[in-house]
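First the structure, in the form of structure tokens, and then the observations on it.
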Amino acid sequence: MKTPEKPNLMPDGQPIPEPVCTLDEMDIGLEALETTSAKEYTYAQMVLRRFLRHKLALTGFFIIGILITLTLLANVISSYDPSIAVIQDRFIPPFSPGHFLGTDDVGRDVWTRILYGGRISLMIGFITAITGGIIGALLGSASGYFGGWFDSLMMRVCEVFFSIPTLPILITLSKYFGGSPWNIILIMVVFGWAGTTRMVRGLVLQIKQYEYIEAAKAIGCSNSRIILRHVFPNTIAIVLVSMTLSIGGAILTESSLSFLGLGVQPDIPTWGNMLSNAMNFMWNAPHLVIWPGFFIFLTILSFNFLGDGLRDALDPKLKL
Amino acid sequence: MWQYIVKQSFQRLFILIIISFLAFIILTLVGDPVDILKSMNPHITQKQIDVYKHQQGLDRPPLIRYFIWARNVLKGDFGISRAYKQPVFPLLISRIPNTMYMQAIIMLIIICLSIPLGIFSATHQYSSFDYILTFLAFTGNALPTFWFGLLMILAFGVMPAKEFRLPFTGMYSDSVSYNGNVIPYDAAPWFIKVIDRIKHMLLPVLTVSLLSLAGLMRYTRSAMLEVVKQDYIRTARAKGLREKTVIYVHALRNAIIPIATILIQSIPGLFAGSLIIEQLFGWPGVGKMVYEAVMSNDYPLAMMNIMFLSFLTVVFTLITDISYAFLDPRITYR
């Protein structure tokens with residue numbers, strides 16, 4: 001038998017008193033409480049302090065800064081055109097006057113091409129990693145938070161992406177769509193979001209059990225509010241670290257594709273296709289092999305240092 | 001336990017089916033094998049092309065072609081390579097030993113070097129040796145395989161004087177010098193063949209193993225550091241065991257579980273990752289075959305390879321999951 005709904009009364013029969021504040025205000029109140037209870041430093045200040053003590057991360061940060069500045073100022077720094085051939089200047093060795101890193105097989109200045117190529121390579125790295133990271137973070141948060149059929153579906157999709165051999169598929173796709181840097185970015189994002197998704201999901205499953213989420217639910221926050229205000233900010237640290245590390249990975253993948261002759265079309269210089277071109281002249285101009293690879297290496301190394309330092313700095317459990 | 005294995009196997013089988021569908025659709029994008037036919041014979045008429053397409057079933061939509069492919073696979077027929085004009089399954093099988101032969105040696109070198117180095121790094125944490133190894137590991141992680149390979153080729157195959165150069169294409173030379181004469185490879189005595197093969201293997205094996213050392217070394221280091229913190233290690237030390245016994249018997253036995261699982265997990269990656277290194281060194285293995293298959297629009301062969309690589313990944317992930325339960329009695333599966 002169904003018991004009739006009780007009118008809104010306290011257990012002792014008294015009418016419920018008027019609320020002191022609305023639910024939203026309570027929510028903000030809780031957050032305000034959290035910030036005031038922090039000791040001497042805010043979170044951001046602690047992160048900055050830890051980051052500044054990490055020498056390798058600072059080195060990485062500076063190298064990346066210098067590389068970005070140099071590549072953005074490519075047309076100011078160098079007076080050569082990256083794609084116009086000057087046949088009489090072929091294969092000038094490095095450290096010659098006028099050509100700091102020498103010239104390639106059709107007389108184009110290598111230093112100029114490194115700078116312009118860096119623009120494309122860095123752009124591909126940044127855009128791929130950031131887009132993939134955001135998609136992964138959103139899908140991972142939703143998947144971990146809601147669970148149920150959406151979660152199982154996402155996990156199956158992720159498993160498909162983990163088990164499929166990526167490189168042959170990437171080769172196939174870039175053979176069909178290849179050429180422009182934007183298509184390469186698109187292909188890499190489609191095959192690059194699954195890792196972040198699974199990582200963020202795992203983290204969210206952990207966060208879901210914390211008391212503050214329960215508290216937010218208890219005071220009646222909506223799902224979207226809990227995800228956006230309470231779950232998502234707590235995953236930012238790990239997403240940021242994985243984005244930093246995957247910039248290097250994306251640059252590596254792009255250069256591998258270019259190396260196999262399938263990346264960005266040869267008339268747009270990238271570090272990968274410069275290297276691929278240099279392979280043909282290994283016997284008479286070995287220096288052509290060295291420079292583009294060195295810059296790929298330097299960039300990936302710097303991003304790895306930076307990511308490592310960020311992880312140490314953002315992890316609040318690690319006290320210095 | 002058995003229930004878990006059976007349930008997981010069905011799930012993985014389902015994933016394999018999805019992969020086969022995706023891969024098939026993507027591979028049909030690559031292009032018609034007809035393009036190759038046209039480039040080989042510019043005088044070919046449209047009618048001949050149509051007849052060929054009809055014979056090969058290429059005039060049907062991709063979805064139908066996928067189901068025909070799937071039906072044939074269930075019968076054990078993976079199709080016929082368009083470039084080699086041979087059934088693809090034996091073709092793949094014939095290439096597997098070449099890849100395994102190189103990768104097994106690489107794996108052996110990595111295990112023999114990185115686990116001891118990782119343990120040493122962990123037991124001497126924050127020593128200068130540890131810092132040097134950490135720095136080298138960072139370098140190894142950041143070096144692109146193809147560039148490091150090219151540098152190795154430059155340093156050992158191009159720069160040295162002619163008689164000291166190491167070969168860097170293929171598995172063996174066409175002809176070898178023996179007793180001052182140049183004779184064909186097949187006619188050479190066995191020890192000359194062995195030396196020639198080792199010479200060809202040196203550069204690719206060195207390239208990959210030097211780069212991949214870093215990962216397993218760092219992993220061993222962190223696994224050891226994790227174990228050394230545990231209470232039972234303190235107990236072992238407290239009861240007066242020698243440091244060597246504590247590290248190599250008590251700590252290593254527990255650290256070996258994550259190390260072993262990561263090793264098992266990395267086996268399919270060896271095949272999938274062999275593409276670039278085999279392409280660079282002209283090594284006739286699975287990786288080179290899948291690259292060539294894609295580049296020559298030979299999609300039955302590419303499909304066979306991709307399915308083989310996915311199958312390996314799926315099976316080895318399953319094995320890793322199960323081996324956790326076998327190696328670590330604390331884990332049970334429902």
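Some values worked out for this structure:
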| quantity | calculated |
| --- | --- |
| Flag if A:Trp182 is touching a strand residue (DSSP E or B) at 6+ places or on another chain (Cβ under 8 Å), more than 14 Å from every other protein chain (Cβ to nearest Cβ), part of a helix (DSSP H, G or I) and of a type in the set (A, V, I, L, M, F, W, C) | no |
| Pick from region B:152-168, criterion within 12 Å of chain A (Cβ to nearest Cβ) and touching a residue at least 24 places away in the same chain (Cβ under 8 Å), ranking: farthest from B:Val208 (Cα to Cα) | B:Gly157 |
| Region B:1-19, residues that are surrounded by 13 or more Cβ atoms within 10 Å (Cβ to Cβ) and more than 10 Å from chain A (Cβ to nearest Cβ) | B:Tyr4, B:Ile5, B:Gln8, B:Ser9 |
| Residues of region A:242-262 classified as of a type in the set (Gly, Ala, Ser) and more than 9 Å from chain B (Cβ to nearest Cβ), total | 5 |
| Residues within region A:165-179 that are without any contact (Cβ under 8 Å) to a residue 24 or more places away in the chain and in a helix (DSSP H, G or I), tallied | 6 |
| Which numbered condition A:Glu214 fails, given (1) out of contact with any helix residue (DSSP H, G or I) (no Cβ under 9 Å at 6 or more places or on another chain); (2) within 11 Å of another protein chain (Cβ to nearest Cβ); (3) not in a loop (DSSP other than H, G, I, E, B) | (2) |
| Residue that is modelled with the lowest pLDDT [pool: residues in region A:155-194 that are among the small types (Gly, Ala, Ser) and crowded, with 19+ Cβ neighbours inside 10 Å] | A:Gly178 |
| Residue identified as within 28 Å of A:Gly248 (Cβ to Cβ) and under 18 Å from the mean Cα position of the chain (by Cα) among B:Pro97, B:Pro144 | B:Pro144 |
| Helices (runs of 4 or more DSSP H) enclosed by region B:183-274 - at least 3 residues per element that are of a type in the set (A, V, I, L, M) and surrounded by 15 or more Cβ atoms within 10 Å (Cβ to Cβ) | B:190-228, B:252-272 |
| Those residues of region A:105-118 which are surrounded by fewer than 24 Cβ atoms within 10 Å (Cβ to Cβ) and acidic (Asp, Glu), in sequence order | A:Asp105 |
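Conditions (1) buried (at least 24 other Cβ atoms within 10 Å of the Cβ); (2) more than 12 Å from chain B (Cβ to nearest Cβ), marked per residue:
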residue: A:Val264; (1), (2): yes, yes
residue: A:Asp267; (1), (2): no, yes
residue: A:Ser276; (1), (2): no, no
residue: A:Met282; (1), (2): no, no
residue: A:Ala285; (1), (2): no, no
residue: A:Phe303; (1), (2): yes, no
residue: A:Asp308; (1), (2): no, no
residue: A:Asp312; (1), (2): no, yes
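The values are calculated or read from the model by the stated rules, or taken from the named source; none is laboratory data. Worth saying up front: this structure is predicted, and the values here are computed from it rather than measured. Methodologically, a virtual Cβ is constructed for each residue, glycine included, from the backbone with ideal geometry; neighbour enumeration extends over all protein chains shown.
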